[in-house]
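Data block below; observations after.
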């Protein structure tokens, strides 16, 4: 027996949090009955559990894909402006994790591994971001961003500025920052009266975006999975 939301996660339907939302919306049927309680205990071997027209069972194989989330889409397979049209063959097999906000693009993961998913929400992976900014980012501003600040009850700081150059009226900044709170980067720059026009995450811990175009994905190699698990302290 297991919780219904945990079953949906282990089946690759959605993250635990998103699975609970889908259940409360009435999207899951157990033996012909709509179930609204994410904590409902079920036996996938004895009960017929469906999400839409998909029979829900724990995945037999753990899958991890590296994907390039295009700008203007939510990091989800459900709802408006979602990623499902880009990754039709992976929907209901894996779910998005290491999420990026709608305005951002770059590397995210598509997976069905609850252990890695939990670690991604708890452990910071130093990642590389490329930002296009508007405004005057002075040396003093950079020093402040490196020292850090408290935003939304979290203390965050940029680890390192890797490059900085002008391009017309805007500037391009490449920097190292945690993978967990990309939206806070925008607020950090706003504190220095600088606007973030666009954001792309180029690396996620040891994983690289590489040549993937927006809306493309590839399965992570064995070496990449090992490196990710090591970075998340799962080895």
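At a Förster radius of 45 Å, what calculated FRET efficiency corresponds to the Cβ-Cβ distance of residue 191 and residue 47, to the nearest 0.05? All intermediate terms of the calculation are to be shown ahead of the outcome.
Numbers: r = 52 Å, r/R0 = 1.15.
So the FRET efficiency works out to roughly 0.30.
Expressed in whole Å with the largest first, what are the equivalent ellipsoid semi-axes of the stretch 126-204 derived from the C-alpha gyration tensor as the square root of 5 times each eigenvalue? Mind dumping the intermediate values first?
Numbers: eigenvalues 62, 42, 25 Å².
Those come to 18, 15, 11 Å.
Counting pairs of alpha carbon atoms under 8 Å apart in space and at least six apart in sequence, what relative contact order in percent does the chain give? Could you put the intermediate results ahead of the total?
Values: 480 pairs, mean separation 48.9, N = 235.
Worked out over the chain, it gives 21 percent.
If only Cα atoms are counted, what is the Rg of the stretch 100-235, and what is its Dmax, in Å?
When restricted to Cα atoms, the stretch 100-235 yields Rg and Dmax of 15.5, 46 Å.
May I ask what percent, to the nearest 5, of DSSP beta bridges between residues of the chain are antiparallel? Could you put the intermediate results ahead of the total?
Details: 48 of 51 bridges.
For the chain, the DSSP antiparallel bridge percentage is about 95.
For the stretch 20-110, what does the relative contact order come out to in percent, with C-alpha contacts under 8 Å and a separation of six or more? Present the calculation step by step, with values, prior to reporting the outcome.
Values: 134 pairs, mean separation 20.9, N = 91.
Once divided by the residue count of the stretch 20-110, the mean separation gives 23 percent.
Sorted from largest to smallest, which semi-axis lengths in Å does the alpha carbon gyration tensor of the stretch 55-126 give for its equivalent ellipsoid, taking the root of 5 times each eigenvalue?
Working: eigenvalues 74, 58, 18 Å².
Semi-axes (√(5λ), whole Å): 19, 17, 9.
Given labels modelled 7 Å from the Cα in the Cβ direction, how far is it in nm from residue 227 to residue 81?
My value for the distance between the label points is 3.2 nm.
If I model a spin label at residue 169 and residue 198 as a point 7 Å from the Cα along the Cα→Cβ vector, what separation in nanometres do I get?
With each label placed 7 Å out from Cα toward Cβ, I get 1.6 nm.
With an 8 Å cut-off on Cα pairs and a minimum separation of 6 or more residues, tell me the relative contact order of the stretch 2-55 in percent.
On the way: 71 pairs, mean separation 18.7, N = 54.
The normalised contact order for the stretch 2-55 reaches 35 percent.
Just to be sure I understand the model, the point goes 7 Å from the Cα along the line to the Cβ. What's the resulting residue 212 to residue 146 distance in nm?
3.1 nm
Pick from 113, 152, 43: which is most flexible by mean-square fluctuation in a GNM of the chain where alpha carbon atoms under 10 Å apart are linked?
152
Take the Cα gyration tensor of the stretch 2-55, multiply each eigenvalue by 5, square-root it, and list the three semi-axes largest first, rounded to whole angstrom. All intermediate terms of the calculation are to be shown ahead of the outcome.
Numbers: eigenvalues 39, 28, 22 Å².
After scaling each eigenvalue by five and taking roots: 14, 12, 10 Å.
So what is log10(I(q)/I(0)) for the chain at q = 0.09, 0.13, 0.16 1/Å, when the Debye sum runs over its Cα atoms only?
Computed log10 I(q)/I(0) values: -0.43, -0.81, -1.11.
Bear in mind these aren't lab numbers, they're just calculated from the coordinates by the rules spelled out. Note that the coordinates shown come from a computational prediction; the quantities given were computed from them, not determined experimentally. Methodologically, a virtual Cβ is constructed for each residue, glycine included, from the backbone with ideal geometry; neighbour enumeration extends over all protein chains shown.
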